[in-house]
Amino acid sequence: MSDFSFKNIENELSVTGQVAMATPGKILDEIQNDWKNDKTKLLTTTVESAALGFATAIAFKSAPGAALLATGVLAGLGVISKTAPMFGQAWNANTDAQRDLLVNKFSSDFGKTGATLAEGLPGFALGGKAGSITLARSEALQNFTYKNLTKPIEFPLQEQIAFRGPGATMLPEGAIKAGSVDALKLSETLTPQAGVERARSLDLQTGKASRIFVGKENEVTPKFEDRSGRVLIHTHPLEAGPRPGFYDLTATQDLGIIRSGDYRTFYIGQKGLGSGEAQLKALILDDANKQAFILHNQPGTNGYTWQHAAPQYVEYEGAASSLRSLDVKNAWSQFEALPRIAAPVNPVHTAIAAGQKLGVSL
């Protein structure tokens, strides 16, 4: 590298270091000057910052991933737009006088920007709090942000991250067949874990499994909606049992799978149906006892559970065979076609059918 190149870099480092040291004092000077001589600017900055904080809070609540990405991009562009001219002009500032002029110019510029940010911080915080409260209390605003932010922007971004980022895998070999899937193999893509529910989305078109979403003890929410062409799989704690709840069904578009202890549940999604319309339609395998039974329950009186119906037993190997070649779009027809068998009623299965919690020792 030539001496000339070293000199140019030395110029940039010198100006940058001096600007960094001078800027904090310039910020204080700007704030003091505005407080004494330009209270109109302070008021305007506060109002504008409050409005920005209000909008930012709603954006981060409704589309956190997209909002964080947009903030990073805007911040990066802002830094580049401010610093690029300084580096460009410092490149050929070969004398102390030239460098001093640049230090004074850019430290004053950064001081004004920093002062505006500092002066707007209280308004931004208050606006953000107001935005969070308003969104939590306004169903109309929630519907608006879901339609215009969450669904069209956040969900596609989160889907890309889930299926292309760390934790994404290919589905087991042979899980997807011509016109059908091996639902038993699909059920092996997620195993129960004590203390939390877990979930992942299985894309039958691309042959990929999303990263695993980890939730709470009795709840897990993937970062995007389920849709046709996918299978939604999640786990239940052992004591909760393998029966899907109302929100499990209405969050699932086509086929859903639940793993809970030694049980595997294959249920029909009821997405788009209301609380008085959704029906519980499921085939449950008890792998420990080599038993299989069907649940078909009508909506209950409160709209968020179902009327009790006794388990309808089917032959275990026949059920497993049907699941190995399952037409996802017509899964319930295949389940209904399984011959019923007479079998001693297992009280645990009765408790599952009734929606009762199971003891951890069962």
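Okay, here's what the table says:
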{"read-out": "Strands (runs of 3 or more DSSP E) enclosed by the range 231-348 - at least 2 residues per element that are touching a residue at least 24 places away in the same chain (Cβ under 8 Å) and more than 21 Å from K185 (Cα to Cα)", "value": "291-297, 312-314"}
{"read-out": "Residues that are modelled with pLDDT under 95 and over 24 Å from N218 (Cα atoms), drawn from the range 177-197", "value": "K177, A178, G179, S180"}
{"read-out": "Checking F224 against (1) over 24 Å from A66 (Cβ atoms); (2) assigned to a loop (DSSP other than H, G, I, E, B); (3) of a type outside the set (S, T, N, Q), the condition it does not meet", "value": "(1)"}
{"read-out": "Qualifying residue in the range 275-282 (condition: crowded, with 22+ Cβ neighbours inside 10 Å, under 20 Å from F163 (Cβ atoms) and either over 17 Å from the mean Cα position of the chain (by Cα) or polar (S, T, N, Q) (or both))", "value": "no"}
{"read-out": "Unmet criterion (only one of (1) surrounded by 13 or more Cβ atoms within 10 Å (Cβ to Cβ); (2) at pLDDT below 90) for S2", "value": "(1)"}
{"read-out": "Filter result for W91 (in contact (Cβ under 8 Å) with a residue 60 or more places away in the chain, among the aromatic types (F, W, Y), surrounded by fewer than 16 Cβ atoms within 10 Å (Cβ to Cβ) and out of contact with any His (no Cβ under 9 Å at 6 or more places or on another chain))", "value": "yes"}
{"read-out": "Where R264 falls short, out of the listed (1) in contact with a Ser or Thr (Cβ under 6 Å, 6 or more places away or on another chain); (2) at pLDDT below 95; (3) of a type in the set (K, R)", "value": "(2)"}
{"read-out": "Looking only at the range 7-41, and only at residues there that are surrounded by 15 or more Cβ atoms within 10 Å (Cβ to Cβ) and under 42 Å from the mean Cα position of the chain (by Cα), the one that is farthest from L102 (Cα to Cα)", "value": "K41"}
{"read-out": "T23 vs. criteria part of a helix (DSSP H, G or I), more than 30 Å from T134 (Cβ to Cβ), among the hydroxyl-bearing types (S, T, Y) and modelled with pLDDT of 90 or more", "value": "yes"}
{"read-out": "Filtered residues of the range 152-176 (kept if in contact with a strand residue (DSSP E or B) (Cβ under 7 Å, 6 or more places away or on another chain) and outside any helix (DSSP H, G or I))", "value": "A168, T169, M170, L171, A175"}
{"read-out": "Number of the condition not met by V214 [criteria: (1) under 25 Å from the mean Cα position of the chain (by Cα); (2) assigned by TED's automatic domain parsing to the domain that holds K82; (3) hydrophobic (A, V, I, L, M, F, W, C)]", "value": "(2)"}
{"read-out": "Counted residues, the range 180-205 - those being surrounded by fewer than 14 Cβ atoms within 10 Å (Cβ to Cβ) and touching a residue at least 40 places away in the same chain (Cβ under 8 Å)", "value": "4"}
{"read-out": "Residue satisfying all of: in the range 105-118; without any contact (Cβ under 8 Å) to a residue 40 or more places away in the chain and more than 36 Å from the chain's Cα centre (by Cα); farthest from N33 (Cα to Cα) among these", "value": "K105"}
{"read-out": "Only one of G65, G78, G72 that is within 23 Å of F155 (Cα to Cα) and loosely packed, with under 15 Cβ neighbours inside 10 Å", "value": "G72"}
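The values are calculated or read from the model by the stated rules, or taken from the named source; none is laboratory data. What you see is a predicted model; the values in this text were computed from it and never measured. Here the Cβ is made from the backbone with ideal geometry for all residues, glycine too, and neighbour counts use every protein chain on show.
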